[in-house]
1. Which residue, of LEU387, LEU317, LEU392, LEU349, is free of Cβ contacts under 8 Å to residues at least 60 places away in the same chain, in a helix (DSSP H, G or I) and surrounded by 21 or more Cβ atoms within 10 Å (Cβ to Cβ)?
2. Among the residues of segment 95-119, write down those that are crowded, with 24+ Cβ neighbours inside 10 Å and either of a type in the set (Lys, Arg) or modelled with pLDDT of 95 or more (or both).
3. Considering segment 395-417 alone, what residues qualify as being assigned to a helix (DSSP H, G or I) and surrounded by fewer than 17 Cβ atoms within 10 Å (Cβ to Cβ)?
4. Out of ASP90, ASP67, I need the residue that is modelled with pLDDT of 95 or more and surrounded by fewer than 18 Cβ atoms within 10 Å (Cβ to Cβ). Which one?
5. Pairs under 7 Å by beta carbon, first residue in the same structural domain as LEU39 (by TED's automatic domain parsing) in segment 61-72, partner modelled with pLDDT under 75 and not in a loop (DSSP other than H, G, I, E, B), six or more apart or different chains?
6. Among all residue pairs at least 6 apart or on different chains, which show Cβ distances below 7 Å where the first residue, located in segment 252-277, is crowded, with 24+ Cβ neighbours inside 10 Å and the second is among the acidic types (Asp, Glu)?
7. Looking only at segment 353-361, decide whether some residue is part of a strand (DSSP E or B) and under 22 Å from the mean Cα position of the chain (by Cα).
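The values are calculated or read from the model by the stated rules, or taken from the named source; none is laboratory data. As the structure is a prediction and not an experimental result, all values here were calculated from the model. Cβ: placed from backbone, ideal geometry, glycine included. Neighbour counts: every protein chain shown.
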Amino acid sequence: MDRIRITGGNKLHGEIHISGAKNAALPLMIASLLTPGTLTLNNIPRLADVQLLKRILQNHGVDQRTDGKRPGEDIKSGETVHFTAAHITDTTAPYHLVSRMRASFWVLGPVLARCHEARVSLPGGCAIGTRPVDLYLSALKQMGADIEIDQGYVVAKAPGGLKGADIQFPKVSVGATHVALMAATLARGETMIENAAREPEVCDVADCLVKMGAKISGIGTSTLTIEGVEELHGATHEVLADRIETGTYAMAVAMTGGDVLLRGGRADNLETALDILTNAGVKITASDEGIRVARNGNGLQPVHVETQPYPGFPTDLQAQFMALMTRAGGTSVIRETIFENRFMHVQELARLGANITLDGDTATVHGVNELHGAEVMATDLRASVSLVIAGLAASGESTLHRVYHLDRGFETLEEKLSACGADISRISD
């Protein structure tokens, strides 16, 4: 099993190209199930989760063709993949695939909308809380679906097709918004989704659906209105830049010091996190090229943070920010309001010398003068990269185990960091 070895202490200088957003690429790929035409997606990141979802879509009968690298083409641009679901040959998404990645459960909406039936295993993925699917199923029931749970599978039927409905989510859910939005594009009549997620990735999917012929208004707001159509057609769409990757590398630069251009990073999709980094003493400069992050050696200032749905501070950056605050000159408080059990990285950061206390959904981080290298273990995707950030600033050598978590969401992380001066490498047994 692969490991990552880091020798800390090097400042980062140079440029990091930001990959396409995993959290947009996955639902965009799933949207290919909605049309018999070809959906061409550019800038798809090369990630383990993307490869797994390709297998799941193949299981449903989606033909896929990946463009080869052209002469002179920069591999940093991501993949171009053509998805064609001319015929959905299987309406079942099996346990052995869905259990490995939560987002794959979202095929439920498109398959049900197009085929009027679907059988999808209950989801798996990172062990960061229950993250129940009640909101997903409630939305589809309101659209006329008959839903049962049978031996760990959601069995959904809508013999006459889905119909429009007024859906009021009691809390913001990105996954439920994706499922309801995609299903509503082929439902009869009008669907209104209130308290919808506003994340840039949701907007990216909605923009792609409009290119495919969907009628959606209110994109970027908490109220989406969808007028169902009989059929969607193919389209071409480019996956937006990954704001979580952008924020992660911004925190790595903030942690180590240095000066790095995050090429392609979009400040408008990450304003809250960048403001918090500025308050911590990091210099942030946005331009048409991307985001430049610099810290000249001055100490980090402690900051209090509470995770919130977009446009608030992202839960997917909480672990990385906690790693950063371990070196702040004072005490920081981090409250996690989105997912329970998302503090599993705390005990691993403690192995590196961090001083963190937990009380329910709140972590109090007491900054320390120095972190020390150690062997640590990744527990989930975002926790794994928080340990990388801590290792970059720790004295001595750190070894990160279970890096398959990291490969699910970060494309060529070691190469990107080492190109900027980090002493980081992958060890394969």
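1. LEU349
2. Correct list: TRP106, VAL107, LEU108, GLY109, PRO110, VAL111, LEU112, ALA113, ARG114, ALA118.
3. TYR404, GLU415
4. That would be ASP90, the only listed residue that is modelled with pLDDT of 95 or more and surrounded by fewer than 18 Cβ atoms within 10 Å (Cβ to Cβ).
5. LYS69/ILE75
6. Close Cβ pairs (under 7 Å, with a partner that is among the acidic types (Asp, Glu)) amount to VAL260/GLU15.
7. No - not one qualifying residue is present in segment 353-361.
Let's see how each residue does on (1) without any contact (Cβ under 8 Å) to a residue 40 or more places away in the chain; (2) closer than 14 Å to PRO27 by Cβ; (3) assigned by TED's automatic domain parsing to the domain that holds ASP134:
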residue	(1), (2), (3)
ASP150	yes, no, yes
VAL154	no, no, yes
PRO159	no, no, yes
ASP166	yes, no, yes
PHE169	yes, no, yes
GLY175	no, yes, yes
MET182	no, yes, yes
THR185	no, yes, yes
ARG188	no, no, yes
